[in-house]
Structure formats: C-alpha cells, structure tokens
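Read through the structure below, which is laid out as structure tokens, and then see the notes.
Bear in mind these aren't lab numbers, they're just calculated from the coordinates by the rules spelled out. Keep in mind that this is a model prediction, so the values were computed, not measured. Here Cβ is always computed from backbone atoms with ideal geometry, including for glycine, and neighbour counts include all displayed protein chains.
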Amino acid sequence: MSSSPTRLWSPVRWAENGAVRLAFDSLAERADGEPLLLVTGLGVNRLWIPDGLCRMLAAQGFAVARYDQRDGGESTHLPPTTTRSPVSALFAKRGQAYTAEDMADDAVAVMGSLGWRSAHLLGVSLGGAVAQRVALRYPDRVRTLTSMAAVPGDVSGLRTMRYIRMRTLAKFARLKFPYTPEGAVAAGIAVSRLLASPNRPFDEAAAREAAERNADSGVHDQQAQSRQIGAQWHGPPISAITRPTLVLHGADDPLIKPGAGKKIASRIRDSRLLILPEVGHELPGCAWGSIATEIRGLANLSHHLPPEPAN
C-alpha cells in the first residue's frame with residue numbers, strides 16, 4: 001500500500017463507461033514508455049499498488065497508469081444490493097449490480113482516455129481476473145497479460161471454492177470497523193496482516209504508516225466488495241486467450257491457493273508461470289525486482305509476435 005506524492009503522479013483524471021466514472025492517474029516517470037495499465041484488487045483503491053513497484057516498472061521502460069475499479073476508490077460506487085457479504089456474493093447464481101464484462105469494459109475505457117490504442121496489463125487479485133477477461137474480450141487492445149494472485153477469470157460460484165482458502169475469506173467477512181478515517185487505518189493494518197506471507201516478519205509499524213497515508217475504506221466495504229465479486233462472466237474460457245501471458249503467484253498466498261496460478265498457466269497456451277517465494281497475497285518490496293524484470297521480458301517477447309487482429 002502507498003500514498004503517492006503529487007509530483008510522482010499526474011492529477012486524477014476520469015474515464016466514463018456509461019454512467020460509471022473511473023478515476024485514474026499516470027506516473028510522471030517514463031511517460032513516453034510502453035503503455036502499462038495496472039488493475040487493482042477487490043475493493044481497494046489504486047494507491048494500494050506500491051509506488052516503488054511502479055517506479056521499477058517505469059525504469060524498465062513502461063508508461064505506468066492505474067485506476068480505481070467501479071465500487072473502489074474515487075470511482076463510481078453503485079447502489080446497494082440485497083447481497084451484502086463477499087462470501088454470499090461468491091456463491092450467488094448471478095450478479096445483481098453489473099457483469100464482469102462491464103468491468104472489462106471499464107479498463108478499456110481508461111485506456112481510451114489515456115489515448116492508448118493498446119497496452120500491457122498487470123492485474124492483481126480480482127484485477128488479475130479482470131485483466132484475463134480484457135484479453136478475451138479485447139485481444140487487439142492487449143499487448144501482454146500479467147495475472148497475479150488471481151483465480152481463473154472464467155470460474156464463478158461453487159467452482160471458485162477449489163482456489164480460495166475459505167478460512168481466510170471468512171476472516172475477511174468478520175472484519176468490522178467503523179466507517180471513519182481511524183476505522184479505515186485499523187482495517188488497512190488488519191488486512192495487510194491477514195494477506196502477508198507467514199514466512200516473513202510482519203512489519204506492523206510500516207503497515208500502520210502506509211494505512212495512515214492511504215486510509216482506504218474499501219478494504220472493509222463489504223457491500224462494494226460483494227458487488228465486485230458477484231459480477232459474472234459470460235464470455236469464452238480463458239483457454240481462448242492468445243496474448244503473451246505471465247502468471248505470477250505468491251508461494252505463501254493465504255487467500256488464493258497457488259494452485260489457481262498453476263491452473264491459469266496450464267490453460268493459457270504458451271504462458272509462463274512464476275511462483276514467488278515468501279510472497280503472500282500482496283506486493284512486497286522483496287518481489288518488485290522479479291515482477292518488473294519478468295514483465296519486461298514478456299514485453300520483449302511480444303515485440304517479435306504479430307499483432308492480434310482487430311475484432
């Protein structure tokens with residue numbers, strides 16, 4: 001998690017997908033580089049992606065932009081639905097607020113507002129599933145796909161259970177904090193602890209400092225998370241993805257089993273799987289160098305491939 005000095009990031013801008021407004025910004029460094037769009041996880045705002053990782057990606061030659069998904073951060077929050085728990089939303093037969101296709105369209109709307117005809121994608125957690133769906137729905141807009149700490153983008157309902165550690169999800173569901181700045185800080189620390197690798201010492205002081213810089217109520221907004229996680233995919237299977245793909249997963253992920261990453265890699269032709277040691281469901285500094293280097297290598301590979309035909 002990070003809070004960004006204004007000189008590092010552009011002022012917030014807005015993209016529109018129908019009635020939904022999407023907040024995004026771009027890194028000042030290497031603004032002339034290859035477009036790379038970062039897609040965030042469940043409920044959280046774009047500031048949870050560490051500035052240090054973004055700067056390493058810029059040093060690898062990428063123009064980095066990030067956005068708040070609908071129902072996250074400064075983007076449009078939709079009206080409440082009857083499903084108000086992420087656990088119950090996970091097993092609902094249909095989403096009540098919007099579809100997974102809508103969320104994929106959001107990413108493309110942000111790319112359009114950035115003036116990007118195509119981009120590399122890095123999606124983390126729920127963002128990884130969204131990025132997979134963008135690659136299916138808009139293959140000509142995706143240069144490469146990197147999916148991290150995600151489940152396969154074409155699974156839903158009971159089929160998701162095989163990939164999720166339900167005990168951790170239940171702990172999420174039990175988090176109760178007041179909707180105040182102090183509550184958001186406490187929630188940020190609790191979530192950071194819950195998602196961290198158990199094989200590294202948890203730095204509570206650093207987690208508190210980060211949470212105080214970015215008091216994001218989305219980490220415990222269960223209604224917003226329910227609408228996001230309940231969005232159903234109606235498109236083709238991920239085996240239809242044709243773009244160069246990298247699958248990253250933390251070896252110690254306490255929320256999404258590493259088997260999910262292995263399954264994604266097994267189903268996407270010619271994809272590469274990298275299991276990151278001592279990494280949980282997080283983006284720790286010890287993994288930034290590997291992540292940036294691997295994404296650079298994937299981009300280099302894509303330069304030698306023919307472009308995807310437009311739909």
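Grab the beta carbon distance between Ala205 and His234, set R0 = 41 Å, and tell me the FRET efficiency rounded to 0.05. Intermediate values should be presented prior to the final figure.
Values: r = 45 Å, r/R0 = 1.11.
Plugging the Cβ-Cβ distance into 1/(1 + (r/R0)^6) gives 0.35.
With a/c under 1.5 counting as rounded, go ahead and sort segment 1-149 into rounded, prolate or oblate using the C-alpha gyration tensor (a ≥ b ≥ c being the square roots of the eigenvalues; past the cut-off, prolate if a/b is larger than b/c, else oblate). Let's see the in-between values first.
Details: a/c = 1.76, a/b = 1.54, b/c = 1.15.
In terms of gyration-tensor shape, prolate.
Can you bin segment 83-235 into rounded, prolate or oblate? Criterion: square roots of the alpha carbon gyration tensor eigenvalues sorted a ≥ b ≥ c, rounded for a/c under 1.5, prolate for a/b above b/c, oblate for the rest.
Values: a/c = 1.77, a/b = 1.39, b/c = 1.27.
Since a/c reaches 1.5 and a/b is larger than b/c, the shape of segment 83-235 is classed as prolate.
From Cα pairs below 8 angstrom and at least 6 apart in sequence, can you work out the relative contact order of segment 13-302, rounded to a whole percent?
On the way: 655 pairs, mean separation 66.5, N = 290.
Here the relative contact order equals 23 percent.
Kindly provide the chymotrypsin sites (Phe, Trp or Tyr not before Pro) of segment 185-291 that DSSP labels as loop, not H, G, I, E or B, and whose Cβ sees at most 11 other Cβ atoms within 10 Å.
Details: sites: Phe202, Trp233, Trp288; in loops: Phe202, Trp233.
Sites meeting the loop and neighbour criteria: none at all.
All other residues with a Cβ under 10 Å from the Cβ of Asp154 taken together, and with Lys, Arg as +1 and Asp, Glu as -1, what is their net charge? Walk me through the intermediate numbers first.
Working: positive: Arg133, Arg159, Arg267; negative: none.
Here the charged neighbours net out to +3.
Restricting attention to segment 12-108, which trypsin sites (Lys or Arg not before Pro) occupy a DSSP loop and are surrounded by at most 14 other Cβ atoms within 10 Å?
On the way: sites: Arg13, Arg21, Arg30, Arg46, Arg55, Arg66, Arg70, Arg84, Lys93, Arg94; in loops: Arg30, Arg70, Arg84, Lys93, Arg94.
Those satisfying the criteria are Arg84, Lys93, Arg94.
May I ask you to compute the full-extension gain from Cys286 to Lys257, defined as 0.36 nm times their residue separation minus their alpha-carbon distance, rounded to one decimal in nm? Don't jump to the answer; show the numbers that get you there.
On the way: separation 29, 0.36 × 29 = 10.44 nm, distance 2.01 nm.
Working it through step by step, the gained length comes to 8.4 nm.
Quick check: pseudo-label points 7 Å beyond the Cα along Cα→Cβ at Arg269 and Leu175, how many nm apart are they?
It is 4.0 nm.
Does the chain come out rounded, prolate or oblate by the C-alpha gyration tensor, with a ≥ b ≥ c the root eigenvalues, rounded set by a/c under 1.5 and, if not, prolate when a/b is larger than b/c and oblate if not? Don't skip to the end; give the middle numbers.
Values: a/c = 1.26, a/b = 1.16, b/c = 1.09.
Rounded, since a/c falls under 1.5.
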